[in-house]
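Everything on this sheet refers to the single structure shown next.
The values are calculated or read from the model by the stated rules, or taken from the named source; none is laboratory data. Everything numeric in this text was worked out from a predicted model, so none of it was measured. All Cβ positions, glycine included, derive from the backbone under ideal geometry; neighbour counts span all protein chains shown.
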Amino acid sequence: MKKCMLILFSLIMLTSSHITHAESDFYQPPKESKEELVMDMFFSLLLPDVQKAVSKFYSDSYIESPLVYPYQINILKMERTNGYRGFMFSVVIEVTPVFGAHNPVGKDQLTFSITSSEVELTDFKHLEDVELPPHLQDLKKR
């Protein structure tokens, strides 16, 4: 699976002319393009590591773990860390964990180091808290 992730990640890097955005308007590939497909596969492969980090962070605050959906992942920065055609990467993403479909609990920035053999969370920054609606208040730990 790690090799597959590496291949998909490499394809994203090769098919995009500019995928790094640090402001609020995140890169979006053309709809129904091969690039969109590869990016969605990359997010799907990265999602278990994202979910694990988010679950750990919010475990002190909530009785359930909020979810991160692949379409709620935005790439802030993506780079090779060992030169051209090297297969070591650093990826900074922003996620919006939610309860249900549309009830955000916060905003977080995660940095991953990715090699052919592992995906490692190297930094987790909680950026913002969002107050839950009244009908979800019982999810908070007291």
>> Being at pLDDT 95 or above and charged (D, E, K, R) is the requirement here; does LYS34 meet it?
In response: no
>> I'd like to verify a number: residues in segment 86-108 that are in a strand (DSSP E or B) and more than 17 Å from TYR69 (Cβ to Cβ), how many?
In response: 4
>> out of contact with any His (no Cβ under 7 Å at 6 or more places or on another chain) and under 21 Å from SER44 (Cβ atoms): which single residue out of GLU118, GLU128 fits that description?
In response: GLU118
> Which residue, of GLU131, GLU120, is assigned to a loop (DSSP other than H, G, I, E, B) and not hydroxyl-bearing (Ser, Thr, Tyr)?
Replying inline: GLU131
> Taking segment 79-132 on its own, how many of its residues are free of Cβ contacts under 8 Å to residues at least 40 places away in the same chain, out of contact with any strand residue (DSSP E or B) (no Cβ under 6 Å at 6 or more places or on another chain) and not aliphatic (A, V, I, L, M)?
Replying inline: 8
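Assess whether LEU136 counts as being of a type in the set (A, V, I, L, M, F, W, C) and closer than 16 Å to LYS56 by Cα.
Values: of a type in the set (A, V, I, L, M, F, W, C): yes; closer than 16 Å to LYS56 by Cα: no.
The answer is no for LEU136.
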> In segment 47-90, which residue that is modelled with pLDDT of 95 or more and within 9 Å of the chain's Cα centre (by Cα) is farthest from GLU118 (Cα to Cα)?
Replying inline: VAL68
> Looking only at segment 49-73, which residues are surrounded by fewer than 16 Cβ atoms within 10 Å (Cβ to Cβ) and in contact with a strand residue (DSSP E or B) (Cβ under 9 Å, 6 or more places away or on another chain)?
Replying inline: LYS52, LYS56, SER61, ILE63, GLU64, TYR69
> Any idea which of (1) modelled with pLDDT under 95; (2) within 25 Å of GLU36 (Cβ to Cβ); (3) surrounded by fewer than 16 Cβ atoms within 10 Å (Cβ to Cβ) is the one PRO134 doesn't satisfy?
Replying inline: (2)
